[in-house]
Amino acid sequence: MNSPPPVRFPTGHTSQWGVAGAGMWLLALTPILAALALHAPARPNIPAILIALAASVPGVLLTLRLWRGQVSGELVWTGVEWFLEKDGTMTAIAHPEIRFDSQRRLLLCVRTGDRVIWLWISRSVDPAQWHTLRCALYAQVSMPLAPV
């Protein structure tokens, strides 16, 4: 069976990821803004604002976790194995799991031992390698299982 050709693709903080994170953060703050808008400034409903604040905290924490978890380096497919390269150090990883695919952007979940890393990858970073990367990612997803 043929495997896709080797490919290297840059990872890290992209402008699209920053916009997505800011959007998630604003969405998390929506209950607070709604609570403030619905109550007169002269007599704010403190319990409602505190409840809205508590409801938005998980969204803000998730946004920060995903942002801080981004790895700047390269996702590498050698034709046999996947690696993350950062500062010249290659770390073997399991096959990246595709969690979101918009054709121009991918959100990947990568596992290295007991650590989970989220990679937001954008076509605009390296358009020449985009098709090869997608082929490598989807080739193993669609491969039939070997007979036991």
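Observations on the structure shown:
- Identity of the residue in region 48-77, touching a strand residue (DSSP E or B) at 6+ places or on another chain (Cβ under 6 Å) and buried (at least 16 other Cβ atoms within 10 Å of the Cβ), that ends up modelled with the lowest pLDDT: L66
- Exactly one residue out of L61, L66 is farther than 27 Å from Y138 by Cα and either touching a helix residue (DSSP H, G or I) at 6+ places or on another chain (Cβ under 7 Å) or outside any strand (DSSP E or B) (or both), and it is L61.
- Cβ pairs under 6 Å, 6+ apart, first in region 107-133 and outside the structural domain of A94 (by TED's automatic domain parsing), second surrounded by 15 or more Cβ atoms within 10 Å (Cβ to Cβ) and assigned to a strand (DSSP E or B): none
- Candidate set from region 97-109 (those that are over 19 Å from R65 (Cα atoms) and of a type outside the set (D, E, K, R)); member that is surrounded by the fewest Cβ atoms within 10 Å (Cβ to Cβ): Q103
- Residue in region 80-97 that is in a helix (DSSP H, G or I) and of a type in the set (A, V, I, L, M, F, W, C) present: no
The values are calculated or read from the model by the stated rules, or taken from the named source; none is laboratory data. Note that the structure is predicted; figures quoted are calculated from it, not measured. Cβ: placed from backbone, ideal geometry, glycine included. Neighbour counts: every protein chain shown.
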